[in-house]
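Visitor: Mind looking over this structure? Questions follow.
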Amino acid sequence: DISLVGFDDARWAQYCDPPLTVVAQPTDAMGRKAAELVLGRLRGEIEAKVAVFEPELVIRRSTARPNT
């Protein structure tokens with residue numbers, strides 16, 4: 001048997017059989033931050049900024065503990 005993990009939480013992932021475990025990205029927060037950075041550039045802000053976002057592991061049924 002194998003375990004399978006996807007990246008990004010596409011809507012279809014929860015409807016797979018079995019439902020796919022995924023690493024979800026905080027896309028709403030990433031979009032808001034991107035807009036803030038663009039608006040800052042338009043205002044003349046040129047300071048480099050770093051944004052760090054925490055992903056979330058969404059555990060569904062495509063993963064399990066290893067058999068021993």
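The values are calculated or read from the model by the stated rules, or taken from the named source; none is laboratory data. Predicted model only: the values in this text are computed from it and were never measured. Note: ideal-geometry Cβ built from the backbone for every residue, glycine included; neighbour counts use all protein chains shown.
Visitor: For segment 38-53, check the following and say yes or no: at least one residue is among the acidic types (D, E) and at pLDDT 90 or above.
Guide: no
Visitor: Please go through segment 5-22 and pick out each residue that is hydrophobic (A, V, I, L, M, F, W, C) and either surrounded by fewer than 13 Cβ atoms within 10 Å (Cβ to Cβ) or in contact with a helix residue (DSSP H, G or I) (Cβ under 6 Å, 6 or more places away or on another chain) (or both).
Guide: F7, W12, L20, V22
Visitor: Here's another thing I want to ask about it. Cβ-Cβ distance below 9 Å, separation of 6 or more or different chains: which pairs start in segment 23-49 with a residue that is under 30 Å from S3 (Cα atoms) and surrounded by 10 or more Cβ atoms within 10 Å (Cβ to Cβ) and end on one that is modelled with pLDDT of 95 or more and among the acidic types (D, E)?
Guide: V23/E56; A24/E56; Q25/E56; P26/E54; P26/E56
Visitor: Related question: Which residue is nearest to the chain's Cα centre (by Cα), if the candidates are limited to segment 1-37 and must be of a type in the set (S, T, N, Q) and either under 20 Å from P66 (Cα atoms) or part of a helix (DSSP H, G or I) (or both)?
Guide: Of everything passing the filter in segment 1-37, T27 is nearest to the chain's Cα centre (by Cα).
Visitor: Among the polar types (S, T, N, Q), touching a Cys at 6+ places or on another chain (Cβ under 9 Å) and on the phi < 0 side of the Ramachandran plot, is that true of S3?
Guide: For S3, the condition - among the polar types (S, T, N, Q), touching a Cys at 6+ places or on another chain (Cβ under 9 Å) and on the phi < 0 side of the Ramachandran plot - is not met.
Visitor: Further question on the same structure: Going through segment 38-56 one residue at a time, which ones are part of a loop (DSSP other than H, G, I, E, B) and aliphatic (A, V, I, L, M)?
Guide: I46, A48, V50, A51, V52
Visitor: Something else: For segment 50-66, how many residues are over 17 Å from the mean Cα position of the chain (by Cα) and either closer than 15 Å to V23 by Cβ or surrounded by 10 or more Cβ atoms within 10 Å (Cβ to Cβ) (or both)?
Guide: So the answer is 4.
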